[in-house]
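Visitor: Once you've had a glance at the structure underneath, I'll fire off some questions.
The values are calculated or read from the model by the stated rules, or taken from the named source; none is laboratory data. Just so you know, these numbers come straight off a predicted model, no measurement behind them. Cβ placement follows ideal geometry from the backbone for every residue including glycine, while neighbour counts extend to all protein chains displayed. Surface accessibility is based on the protein's heavy atoms, side chains included, excluding ligands, DNA and RNA. Shrake-Rupley method; radii C 1.70, N 1.55, O 1.52, S 1.80 Å.
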Amino acid sequence: MAAHFSLRGVPIVIAVDRGLRKSLSAQIYDAFRARIARREMRPGQIVPSTRELARDLDISRLPILTAYAQLLAEGYFEARIGSGTFVARSLDPKSFLPRPGPRDRDNSFDLPSKPRVISARASALPPYVRSLPAEGVGPFQVGQPDLSAFPLNVWSRLVARRSRNMRADEFLYGDPMGFVVLREAIATYLRTSRLVKCEADQIMIVSGSQQALYVTARVLLDPEATVWVEEPGYWLVRKVLKVAGCRTVPVPVDAEGLDVRAGVRLSPKARAAFVVPSHQFPLGVTMSAGRRFQLLDWAHKAGSWVIEDDYDSEYRSGGMPISSLQGLDTESRVIYIGTFSKVLFPSLRVGYIVIPPDLVGRFATVRQSMDLCPSASNQAVLADFIRQGHFIRHVRRMRKIYAERREVLAREIDRESGKLCTIVGAEAGMHLTVLIHAKIRDQEIAAKAAEKKLWLWPLSPTYDDVAPQQGFILGFGNTRSAEIPGAVRVLKELLSRS
Ligand SMILES: Cc1ncc(COP(=O)(O)O)c(C=O)c1O
């Protein structure tokens, strides 16, 4: 039987009463048996030492020693020399104790048969279902960087150095905007490399783009506010907006990015537009200069906001990185959001918001209402990583690696299945998208592909309305060049059989 995780030294809730006629040792014996029967204590879990329990219950050790001896003799407890006393691992409480009565039942919840009333906003979303674990799923995983190329030794060294030299003030609550040294490093990077207009005091450190979107929606948008979202687009932004009670208006994306005229036709007075202009998700389009100016013009005239998500544009092959939309804005209507999830690694959970100067205090207060401040240690290590030049070195290295994979993938698709599909968005990032010409159902093919250990992310669910187009988003971040030809052949087989 699997041992349960046991925590040493956790005080245990056992009541003894000297006024009862029952002896203290019998009370302790019964209490442990009952707690094991109710599964409040699980096989393999450590039990307090007699000394600890005597101290916690403020009684002498003698009755405890008597109770423990009985529980050991009857096989409820087992002693492991040098480790302590545990609930016996071989124990199946239900097999030897009477079925717990209604007042003494199993340690599980009595769930009602009908769904209960929760907020309309939370009900607007289907319950979370754990997706497939990324490891072992095979080629084309989306959004996973190649961690075999990450300088783990450098990162570990920086973590170790920081951990050895922690200052006491780093253990206190910090600034809700984040660690100032990191904000300065990010501001310098954004001004230089992304042409973002910013100072460090406009930058808020958050736990990734997702939290950035959440805070932004809470600051700028009231329930019932309408927001333009790209169609197809990033499905997780729709979740944020629905939970904030907003109404999303899907606005088509074409070869120049979000169709601003269509947005104006559909909802001229929308409160905000969410865009991924540097490398649209999932079509990979770069928004044209003309569209950028149209969008900013609309935002200025309508008094609306533009939320710019710039999540993976560092990895552009050939030419300069695309400059930000925020950098073109003259009226501080753009909220710029970035993340280290793709450029470093997703479990880091560090992203940032560049906030218009007059709104910094508002953003800080809303952030504080959901999360008092970002965690200190990751921020300090990341600041060292950037300031010591490791970040830029890593980006340069990965840019080459991803460019090669992108090229191999596009070439293989062209060769194997050129007639069956069109490739879009193969200029940047860690994925490209194939639009399938034949009449297929992408979600069905994706399910079949998963059986063959091929990860095909279907395109159709990235549409809010009925998808006019079927296809697949193919990640190459974590797929080595040598794996690509075989994986493309499997894709071709699946397509030609359907
Ligand atoms: C469009 C878009 N924005 C942002 C992110 C990253 O989110 P986070 O920073 O919360 O990890 C992703 C991840 O795949 C994405 O596709």
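Visitor: Would you mind calculating the relative contact order of the chain from Cα pairs under 8 angstrom and at least 6 residues apart, reporting the percent as a whole number?
Guide: Numbers: 824 pairs, mean separation 81.9, N = 498.
Normalised by residue count, the contact order of the chain is 16 percent.
Visitor: Determine the equivalent ellipsoid of segment 160-276 by diagonalising the alpha-carbon gyration tensor, then write out the semi-axes as square roots of 5 times the eigenvalues, largest first, rounded to whole Å. Each step should come with its number before you reach the end.
Guide: Working: eigenvalues 244, 61, 30 Å².
Semi-axes (√(5λ), whole Å): 35, 17, 12.
Visitor: Report the net charge of residues surrounding Gly178, where surrounding means a beta-carbon distance below 12 angstrom and charges are Lys +1, Arg +1, Asp -1, Glu -1.
Guide: Values: positive: Arg183, Arg367; negative: Asp175, Glu184, Asp201, Asp371.
Here the count lands on -2.
Visitor: Here is a follow-up. Please report the orientation-averaged projected area of segment 425-498, defined via the convex hull of its C-alpha atoms, in nm².
Guide: Numbers: hull surface 20.9 nm².
Approximately 5.2 nm², given one-decimal rounding.
Visitor: What GluC sites (Glu not before Pro) does segment 292-384 have in DSSP loop regions with at most 16 other beta carbons within 10 Å? Let's see the in-between values first.
Guide: Values: sites: Glu308, Glu314, Glu331; in loops: Glu314, Glu331.
Hits after loop and neighbour filter: Glu331.
Visitor: Here's a follow-up. So what is the 222 nm mean residue ellipticity for the chain from helices alone, if each DSSP H run of at least 4 adds -39500 (n - 2.57) and you divide by all residues, rounding to the nearest 500 deg cm²/dmol?
Guide: -11500 deg cm²/dmol
Visitor: Here's another thing I want to ask about it. Hull surface divided by four, with the convex hull built on the Cα atoms of segment 113-214: how many nm²? Show your work: numbers first, answer last.
Guide: On the way: hull surface 50.3 nm².
Mean shadow area of the hull around the Cα atoms is 12.6 nm².
Visitor: On a C-alpha basis, how far is the centre of segment 28-81 from the centre of segment 290-340 in Å? Whole number, if you could?
Guide: So the two Cα centres are separated by 63 Å.
Visitor: Hey, can you rank 117-127, 191-201 by average C-beta count inside 10 Å, highest first? Could the numbers behind the result be given before it?
Guide: Values: 117-127: 9.6, 191-201: 16.7.
Answer by packing, highest mean first, reads 191-201, 117-127.
Visitor: Where the eigenvalues come from the Cα gyration tensor of the chain, what are the semi-axes √(5λ) of the equivalent ellipsoid, largest first, in whole Å?
Guide: Values: eigenvalues 525, 168, 126 Å².
Three semi-axes, in Å: 51, 29, 25.
Visitor: For the chain, build the charge dipole from Cβ charges (+1 Lys, Arg; -1 Asp, Glu) around the Cα centre, then report which of Cys421, Gly9, Gln70 sits farthest towards its positive end.
Guide: Gln70
Visitor: Computing the accessible area with a 1.4 Å probe over protein heavy atoms, can you report the carbon and sulfur percentage for the chain?
Guide: Numbers: 13600 of 25200 Å².
Here carbon and sulfur together make up 54 percent of the probe-accessible area.
Visitor: OK, next. Given the convex hull over the Cα atoms of segment 307-436, what projected area results after averaging over all orientations, in nm²?
Guide: Values: hull surface 42.4 nm².
Its average projected convex-hull area is 10.6 nm².
Visitor: Keeping every protein chain present and rolling a 1.4 Å probe, give me the accessible area per residue for the chain in Å².
Guide: Numbers: 25200 Å² over 498 residues.
On a per-residue basis, 51 Å².
Visitor: Could you tell me the ratio Rg/Rh of segment 282-363? Both radii from Cα atoms, Rh via Kirkwood. Mind dumping the intermediate values first?
Guide: Details: Rg = 14.0 Å, Rh = 14.2 Å.
Answer for segment 282-363: 0.99.
Visitor: Loop only per DSSP, at most 14 neighbouring Cβ atoms within 10 Å: give me the chymotrypsin sites (Phe, Trp or Tyr not before Pro) in segment 115-182, ordered by residue number. Walk me through the intermediate numbers first.
Guide: Numbers: sites: Tyr128, Phe140, Trp155, Phe171, Tyr173, Phe179; in loops: Tyr128, Phe140, Tyr173, Phe179.
For chymotrypsin sites (Phe, Trp or Tyr not before Pro) across segment 115-182 that sit outside H, G, I, E and B with at most 14 neighbouring Cβ atoms in 10 Å, the list reads Tyr128, Tyr173.
Visitor: Can you grab the distance from the C-alpha centre of segment 197-231 to the C-alpha centre of segment 386-464, Å, no decimals?
Guide: Spelled out, the Cα-based centre of one part sits 28 Å from the other.
Visitor: Indicate, rounded to the nearest 5 percent, the antiparallel portion of the DSSP beta bridges found entirely in the chain. Walk me through the intermediate numbers first.
Guide: On the way: 27 of 45 bridges.
In the chain, approximately 60 percent of DSSP beta bridges are antiparallel ones.
Visitor: Compute the distribution of all C-alpha to C-alpha distances in segment 192-241, in bins of 10 Å from 0, and list the percent of pairs in each, rounded to whole numbers.
Guide: For segment 192-241, the pair-distance distribution reads 19, 43, 33, 5.
Visitor: Quick check: with the 1.4 Å probe, what order do His279, His390 take by accessible area, largest first?
Guide: Numbers: His279 5, His390 25 Å².
The ordering from most to least exposed comes out as His390, His279.
Visitor: Past 27 Å, Cα to Cα: identify those pairs from Lys239/Lys269; Lys242/Lys269; Lys114/Lys239; Lys342/Lys439, in the order given. Write out the running numbers ahead of the final one.
Guide: Numbers: Lys239/Lys269 21 Å; Lys242/Lys269 18 Å; Lys114/Lys239 25 Å; Lys342/Lys439 33 Å.
Among Lys239/Lys269; Lys242/Lys269; Lys114/Lys239; Lys342/Lys439, the Cα-Cα distance tops 27 Å for Lys342/Lys439.
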